[in-house]
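Asker: One structure, as structure tokens, below. Some questions next.
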Amino acid sequence: MNEPMKIRVDKYDAFVEIKMEEERLDSSVSPRFKSDLVMLHSEGCVNMLLDLTAVSYIDSSGLSALLVANRLCAGSGGKLVLTGLTPFVTGLLQISRLDTLLQVAPELALGRLEFSGG
């Protein structure tokens, strides 16, 4: 049976904070995750802070979900900021050269500051 994906969403005035509470962002959860991101975007959330602290593994479908989020945000004049990256996830972004495309904040507080406007 499919368990619901573990994710926490907190909406603020300037952005939405999405905390992924799964250890793996892979083909078993990525389709649902993409769907959730599209739904948030359709509700007007164009600035997203994605906290991946709990995520120790990402596969190609997980990377695709991150790219979808980035495209949705950028296409609406907003931005996606990733934070809480493990060494594995950081290495994967570097190997795939996505570190040049995706914005990363070294810690959650700094990620929140990206949306403070000041």
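The values are calculated or read from the model by the stated rules, or taken from the named source; none is laboratory data. Worth saying up front: this structure is predicted, and the values here are computed from it rather than measured. So basically every Cβ, Gly included, is an ideal-geometry build from the backbone, and we count neighbours across all protein chains shown.
Asker: Identify all residues within the range 15-33 that are surrounded by 13 or more Cβ atoms within 10 Å (Cβ to Cβ) and among the polar types (S, T, N, Q); write none if there are none.
Answerer: The answer is Ser28, Ser30.
Asker: Got a sec? Which of Val9, Val38, Val46 is free of Cβ contacts under 8 Å to residues at least 60 places away in the same chain, farther than 23 Å from Pro87 by Cβ, part of a strand (DSSP E or B) and under 13 Å from the mean Cα position of the chain (by Cα)? Before the answer, list the steps.
Answerer: Details: Val38 fails: part of a strand (DSSP E or B); Val46 fails: part of a strand (DSSP E or B).
That would be Val9, the only listed residue that is free of Cβ contacts under 8 Å to residues at least 60 places away in the same chain, farther than 23 Å from Pro87 by Cβ, part of a strand (DSSP E or B) and under 13 Å from the mean Cα position of the chain (by Cα).
Asker: Tally time: how many residues in the range 92-108 are among the acidic types (Asp, Glu) and outside any loop (DSSP other than H, G, I, E, B)?
Answerer: From the range 92-108, those among the acidic types (Asp, Glu) are 99, 107; that's our starting set.
Those left that are additionally outside any loop (DSSP other than H, G, I, E, B): 99.
Final tally of qualifying residues: 1.
Asker: Name the residues in the range 88-99 that are farther than 17 Å from Leu50 by Cα and of a type in the set (Ser, Thr, Tyr), would you? Walk me through how you get there before you give the answer.
Answerer: Of all residues in the range 88-99, those farther than 17 Å from Leu50 by Cα come to 91, 94-97.
Hit for the range 88-99 is Ser96, nothing else.
Asker: Do any residues in the range 74-88 that are at pLDDT 95 or above have Cβ atoms under 9 Å from those of residues that are part of a helix (DSSP H, G or I) and basic (Lys, Arg), where the two are at least six apart or on different chains, and which pairs are they?
Answerer: Pairs that qualify, where the first residue is at pLDDT 95 or above and the partner is part of a helix (DSSP H, G or I) and basic (Lys, Arg), are Leu80/Arg71; Val81/Arg112; Thr83/Arg112.
Asker: What is the residue count in the range 72-100 for residues that are exposed (fewer than 13 other Cβ atoms within 10 Å of the Cβ) and either out of contact with any strand residue (DSSP E or B) (no Cβ under 8 Å at 6 or more places or on another chain) or closer than 15 Å to Cys45 by Cα (or both)? Quick ask: steps written out before the conclusion?
Answerer: The initial filter retains those residues of the range 72-100 that are exposed (fewer than 13 other Cβ atoms within 10 Å of the Cβ), namely 75, 77, 87-88, 91, 94-95, 97, 100.
Next, only the ones that are either out of contact with any strand residue (DSSP E or B) (no Cβ under 8 Å at 6 or more places or on another chain) or closer than 15 Å to Cys45 by Cα (or both) stay: 75, 77, 87, 91, 94-95, 97, 100.
Count: 8.
Asker: What tally of residues in the range 58-91 results from selecting those that are touching a helix residue (DSSP H, G or I) at 6+ places or on another chain (Cβ under 7 Å) and in a helix (DSSP H, G or I)?
Answerer: Counting residues in the range 58-91 that are touching a helix residue (DSSP H, G or I) at 6+ places or on another chain (Cβ under 7 Å) and in a helix (DSSP H, G or I) gives 8.
Rundown of residues vs (1) surrounded by 14 or more Cβ atoms within 10 Å (Cβ to Cβ); (2) closer than 16 Å to Glu114 by Cα, yes/no style:
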position: Ile7; (1), (2): yes, no
position: Asp13; (1), (2): no, yes
position: Ser35; (1), (2): no, no
position: Met39; (1), (2): no, no
position: Gly44; (1), (2): no, no
position: Leu49; (1), (2): yes, yes
position: Ala54; (1), (2): yes, no
position: Tyr57; (1), (2): yes, no
position: Ser60; (1), (2): no, no
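Asker: Go through the range 88-117 and give me each residue that's small (Gly, Ala, Ser) and under 18 Å from Glu17 (Cβ atoms).
Answerer: If the condition is that a residue be small (Gly, Ala, Ser) and under 18 Å from Glu17 (Cβ atoms), then Ala105, Ala109, Gly111, Ser116, Gly117 are the ones that fit.
Asker: Looking at the range 12-35 only, could you name the residues that are touching a Cys at 6+ places or on another chain (Cβ under 8 Å) and in a strand (DSSP E or B)?
Answerer: Here is the first cut: in the range 12-35, the residues touching a Cys at 6+ places or on another chain (Cβ under 8 Å) are 15-16.
Once the filter is applied, which keeps residues that are touching a Cys at 6+ places or on another chain (Cβ under 8 Å) and in a strand (DSSP E or B), the range 12-35 yields only Val16.
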